[in-house]
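Read the structure below first, then the notes.
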Amino acid sequence: MTAAPEAVRLDGKVVSAAAVADLQAAVAGLAYRPQLVFVRVGEDPASAYYVRSKEKLAARVGVRSRTVVLPEGTGAEVLLALVAELNADDDVDGILVQLPVPGVDPAHVLAAIDPAKDVDGLNPVNVGRLWSGGDALVPATPLGVVALLDHYAVPLAGRRAVVVGRSNLVGKPLAALLLQRDATVTIAHSRTRDLGALTREADVLVAAVGRPRLITPEMVKRGSAVLDVGLTREDGAIVGDVDPGVAGVAGYLTPMPGGTGLMTVVMVIANTLTAARRRRGA
Ligand code: NAP
């Protein structure tokens, strides 16, 4: 008996490099340099790391960026005043506040960011536009998932897509994007019964949960596309939601690491360019 062929890698390294090159060319063709402003509160190392990686990529692409670090314990009033200042600054194209901030309701912060500068795509106006087919800024991780599928020409129209996870950051906006692309979409979550029966019907399966190896080979339809968004730190290593054994069943699979995570950072910068073009009309 011959072994089943391994799934095609939906390679975040390859696709993000191509996307970076496209962004560099697009920014080089502009008469201005877009500007992205990060806001952090306190010195959380993980948060500082994420901001640094986005700043580095912004610099490579030609997008200006700066980070405002507010002291630990900063409350809603000061944070919202800063957001209002950045909203009013015509030279700022994108605002990204690292959330959560202890003691501050994230919904208040997200609602305060000018929707035109909301490069995280989490302001309610952008959420509404995404679902109603308007010109939304869309969260970066779902954009990255769809970019991976597009790069490898994985068909979506008329296909069954199952998104496991229903967060505002990943699951829900991804479901909206897949629906826009004419997939028949189901969203699963922690209360879903018989998850395996659902996922086995999926031509495109995306796991955005944060539970190591939740998706086992038995839960996957042969030849389908499986994308792993989940990231859990386990014994010092990063582990995804998808069991590596799925590579023997799926037709396409994201590596972990080296898949969806690499795309997310690039899509934040892509959103800054989108915001700048819409605001500046070029
Ligand atoms: P989240 O807000 O915690 O949402 C997790 C979702 O998974 C929830 O909807 C939850 O259901 C569902 N869930 C939990 N246990 C489940 C189970 N046993 N079966 C089915 N669904 C289950 O997390 P998130 O922000 O969406 O992030 C999800 C994962 O992606 C995390 O590991 C995060 O670190 C990672 N992430 C990766 C990237 C990237 O760039 N690759 C970006 C963002 C996030 P309920 O709603 O019912 O609780």
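The values are calculated or read from the model by the stated rules, or taken from the named source; none is laboratory data. In this text, all values refer to a predicted model and were calculated from it rather than measured experimentally. Every residue, glycine among them, receives a Cβ derived from its backbone with ideal geometry; neighbour counts consider all protein chains shown. Please note that ligands, DNA and RNA were not included when accessible areas were found on the heavy atoms of the full protein model with its side chains. Shrake-Rupley method; radii C 1.70, N 1.55, O 1.52, S 1.80 Å.
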Taking the Cα centre of the range 48-127 as origin and charging only Cβ (+1 Lys, Arg; -1 Asp, Glu), how large is the dipole, in debye to the nearest 20? 500 debye
Compute the Cα gyration tensor for the range 140-262, then decide on rounded, prolate or oblate, letting a ≥ b ≥ c be the square roots of its eigenvalues: rounded whenever a/c is under 1.5, prolate when a/b is larger than b/c in the other cases, and oblate in all that remain. rounded
Between residue 131 and residue 201, what's the calculated FRET efficiency when r is the beta-carbon distance and R0 is 22 Å? Round to 0.05. 0.40
Quick query: amide H of residue 185 versus all other amide H atoms, modeled in the peptide plane; which residues come in under 5 Å with a sequence gap of 5 or more or a different chain? 161
Can you work out the base-10 log of I(q)/I(0) for the chain at q = 0.10 1/Å, using the Debye formula on its C-alpha atoms alone? -0.54
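So which GluC sites (Glu not before Pro) in the range 1-89 pass both tests, a DSSP loop state and at most 15 other Cβ atoms within 10 Å of the Cβ?
Passing sites in the range 1-89 are 6, 43, 72.
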Find the accessible area per residue for the range 140-262; the probe is 1.4 Å, ligands and nucleic acids are left out, and the unit is Å². 44 Å²
Quickly work out the residue 105-to-residue 31 label distance, labels modelled 7 Å from Cα along the C-beta direction, and quote it in nm with one decimal. 4.3 nm
State whether the range 31-116 is rounded, prolate or oblate according to the following rule on the C-alpha gyration tensor (a ≥ b ≥ c being the square roots of its eigenvalues): a/c under 1.5 gives rounded; otherwise a/b larger than b/c gives prolate, and the remaining case gives oblate. oblate
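If you count, for each residue, the other Cβ atoms within 10 Å and average over each peptide, how do 269-276, 172-179, 216-223 line up from highest to lowest?
269-276, 172-179, 216-223
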Taking the Cα centre of the chain as origin, sum charge times position over the Cβ atoms of Lys and Arg (+1) and Asp and Glu (-1), and report the length of that vector in debye to the nearest 20. 580 debye
Bridge type composition, the range 171-282 - antiparallel percent by DSSP, nearest 5: 30 percent
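Give me the extension gain from residue 184 to residue 78: residue separation times 0.36 nm, minus the current Cα-Cα distance, reported in nm with one decimal.
Fully extending the segment from residue 184 to residue 78 adds 33.8 nm.
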Across the chain, qualifying lysine pairs (alpha carbons under 28 Å, at least 8 places apart or different chains) come out at 10
Taking the Cα centroid of the range 204-237 and of the range 244-263, what is the distance between the two, rounded to the nearest whole Å? 8 Å
Within the chain, the percent of DSSP beta bridges that are antiparallel, given to the nearest 5, stands at 10 percent
Could you work out how far apart the two model spin labels at residue 49 and residue 85 are, taking each label as a point 7 Å from the Cα in the direction of the beta carbon, and quote it in nm? 3.0 nm
Would you work out if the range 1-156 is rounded, prolate or oblate? Take a ≥ b ≥ c from the square roots of the eigenvalues of the alpha-carbon gyration tensor; rounded if a/c is under 1.5, else prolate when a/b is larger than b/c, oblate otherwise. prolate
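How large is the helix-only mean residue ellipticity at 222 nm for the chain, computed as the sum of -39500 (n - 2.57) over DSSP H runs with n ≥ 4, divided by its residue count, in deg cm²/dmol to the nearest 500?
Using -39500 (n - 2.57) per qualifying helix, the result is -12500 deg cm²/dmol.
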